[in-house]
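Student: Here it is, the structure, as structure tokens.
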Amino acid sequence: MFKTVKADYTWEDVGNDANGKVYTKSQKEAMAAQWNTNAKALNDNIPNEKLKLIKEMRLIRLQQTDYMSFGDVTMPDYIKTWRQNLRDLPANYNTETKYDELLEMENGKYKHSIWTQPTS
């Protein structure tokens, strides 16, 4: 889902323009440096994108049970606890390793139990 990109380009990785323009070695070095800068920026942003996805997934689950907070519906304690655990995700899972734990999938489904609404 979230993959790091190569960030160790050298001038030798840079080809010539598709329209036939030939670049000098110094131009290729500058391009490779820019590619590395761009790749590093992308890689550095991966944890933020993971957290963004986690927050979106959390919001969906909270919205699915919002109706239980209306006055004419009694929210079971196990749902209250689950909703609180969802709200606490950013505080309790605050490293990229923890994000990966939350986003780990098996057979097309998220493995972590937090994503499954309890039934009792």
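Student: Calculate one ³J(HN,Hα) per residue across the stretch 60-71 by plugging θ = phi - 60° into the Karplus curve 6.51 cos²θ - 1.76 cosθ + 1.60, and present them in order as whole Hz with x for glycine and proline.
Tutor: 4, 5, 5, 5, 5, 10, 4, 4, 6, 8, 6, x
Student: Would you kindly derive the ³J(HN,Hα) couplings of the stretch 91-108 from the backbone phi angles with the Karplus curve 6.51 cos²θ - 1.76 cosθ + 1.60 (θ = phi - 60°), listing them in order in whole Hz, with x for Gly and Pro?
Tutor: The phi angles translate into 6, 8, 10, 10, 10, 4, 4, 5, 4, 4, 4, 5, 9, 5, 10, 8, 6, x Hz.
Student: Given the DSSP H assignment, sum -39500 (n - 2.57) over each helix run of at least 4 residues in the chain and divide by its residue total; what's the result at 222 nm in deg cm²/dmol, nearest 500?
Tutor: -17500 deg cm²/dmol
Student: Express the relative contact order of the chain as a whole percentage, based on alpha carbon pairs under 8 Å and six or more residues apart in sequence.
Tutor: Dividing the mean separation by the residue count of the chain yields 22 percent.
Student: Calculate one ³J(HN,Hα) per residue across the stretch 110-115 by plugging θ = phi - 60° into the Karplus curve 6.51 cos²θ - 1.76 cosθ + 1.60, and present them in order as whole Hz with x for glycine and proline.
Tutor: Karplus-based 3J(HN,Hα) across the stretch 110-115 equals 6, 6, 5, 5, 4, 7 Hz.
Student: I've got another one for you. What net charge is computed for the residues neighbouring Arg58, neighbours being all others with C-beta under 13 Å from the C-beta of Arg58, Lys and Arg scored +1, Asp and Glu -1?
Tutor: On the way: positive: Lys50, Lys52, Lys55, Arg61, Arg83, Arg87; negative: Glu56, Asp66, Asp88.
The answer is +3.
Student: Now for a separate question. Ignoring ligands, DNA and RNA, what percent of the accessible area of the stretch 1-99 is carbon or sulfur (1.4 Å)?
Tutor: 50
Student: Given Lys3/Lys109; Lys3/Lys40; Lys3/Lys52; Lys55/Lys80; Lys52/Lys80, which pairs have Cα atoms separated by over 21 Å?
Tutor: Working: Lys3/Lys109 19 Å; Lys3/Lys40 12 Å; Lys3/Lys52 16 Å; Lys55/Lys80 18 Å; Lys52/Lys80 23 Å.
The answer is Lys52/Lys80.
Student: Mind checking the per residue accessible area of the chain for me, 1.4 Å probe, whole number of Å²?
Tutor: 70
Student: Charges on Cβ only, +1 for Lys and Arg, -1 for Asp and Glu, centred on the Cα centroid of the chain; of Tyr67, Gln117, Asn36, which one is farthest towards the dipole's positive end?
Tutor: Farthest towards the positive pole: Tyr67.
Student: Now, a different point. Set the Förster distance to 30 Å, then compute FRET efficiency between Gln27 and Met1 from the Cβ-Cβ distance, nearest 0.05.
Tutor: Given R0 = 30 Å and the Cβ-Cβ separation, E is 0.30.
Student: Quote the charge dipole size of the stretch 1-119 about the Cα centre in Debye, to the nearest 20; the model charges only the Cβ of Lys and Arg (+1) and of Asp and Glu (-1).
Tutor: Dipole size: approximately 120 debye.
The values are calculated or read from the model by the stated rules, or taken from the named source; none is laboratory data. These figures come from a predicted structure and were not determined experimentally. Note that we place each Cβ from the backbone using ideal geometry, even for glycine, and neighbour counts take in every protein chain shown. The protein model used for the area step is the full one, side chains on, heavy atoms only, and it has no ligands, DNA or RNA in it. Shrake-Rupley method; radii C 1.70, N 1.55, O 1.52, S 1.80 Å.
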